[in-house]
1. Report, by residue number, each residue of the stretch 117-138 that is outside any strand (DSSP E or B) and within 22 Å of the chain's Cα centre (by Cα).
2. Which ones in the stretch 153-163 are buried (at least 16 other Cβ atoms within 10 Å of the Cβ) and either part of a loop (DSSP other than H, G, I, E, B) or in contact with a Leu (Cβ under 6 Å, 6 or more places away or on another chain) (or both)?
3. Looking at (1) surrounded by 10 or more Cβ atoms within 10 Å (Cβ to Cβ); (2) at pLDDT below 80, which is the only condition residue 2 fails?
4. Every residue in the stretch 139-152 that is closer than 21 Å to residue 173 by Cβ, not in a strand (DSSP E or B) and not hydrophobic (A, V, I, L, M, F, W, C), please.
5. So which residues in the stretch 61-99 are over 15 Å from residue 143 (Cα atoms), modelled with pLDDT of 95 or more and among the aliphatic types (A, V, I, L, M)?
6. Out of the residues in the stretch 68-93 that are closer than 16 Å to residue 167 by Cα and among the aromatic types (Phe, Trp, Tyr), which is surrounded by the most Cβ atoms within 10 Å (Cβ to Cβ)?
Amino acid sequence: MESLITVILVVTLILFAGLNVFQETLDAQNDLAATWQEMEDLSGERARTALTPISSTIKNNGATVEVIFKNDGSTKLADFDRWDLFLQYYTDGATYEIDWYPYVSAVPGSNQWTNAGIYVDATTAQGEVFEPGILNPGEEIVIQVQVAPSVGLTSTNMLAISTEYGIQASTIITR
């Protein structure tokens, strides 16, 4: 009788262990499938995202760089605090500056950038109508960067930006 109970316990333990391993395998496969789906979704967002530089100007004696980008993709863009902005430029003393600039939602201070407006057409200041604060397909964003030291006269410079999806755009800026 004791041997029968021992056999039943051993079989029960083997079945329980087997079912536990099976459940863990199913859970791991579900996690893998979910991660794969997230990766495909992000890849799709990247494929549908495009920023095209429209124009660039340097204002305020070289202290402000202003660039207009158009959303030529089919994905709306927001979360500007998750964007990266880099500026490479020369000062009046021919010093080469390169830096990453943090986003601020208000008027930018020294070495900060902001979304100075989203427009249907930035050159005519025709404001956006649909979903304010979101850069929808076909709309243009005016990016303002405050720099210190100032951008030098007769210099060629470059601004590069990357969205939260990792889409990059850059433009050459001359003064």
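The values are calculated or read from the model by the stated rules, or taken from the named source; none is laboratory data. All of these numbers come straight from a predicted model, not from anything done at the bench. In this analysis, Cβ positions are derived from the backbone assuming ideal geometry, glycine residues included, and neighbour counts consider all displayed protein chains.
1. Result: 122, 128, 130, 131, 132, 133, 134, 136, 137, 138.
2. Those that are buried (at least 16 other Cβ atoms within 10 Å of the Cβ) and either part of a loop (DSSP other than H, G, I, E, B) or in contact with a Leu (Cβ under 6 Å, 6 or more places away or on another chain) (or both): 155, 159, 161, 163.
3. (1)
4. 149, 150, 152
5. 98
6. Ranking the candidates gives 69 first.
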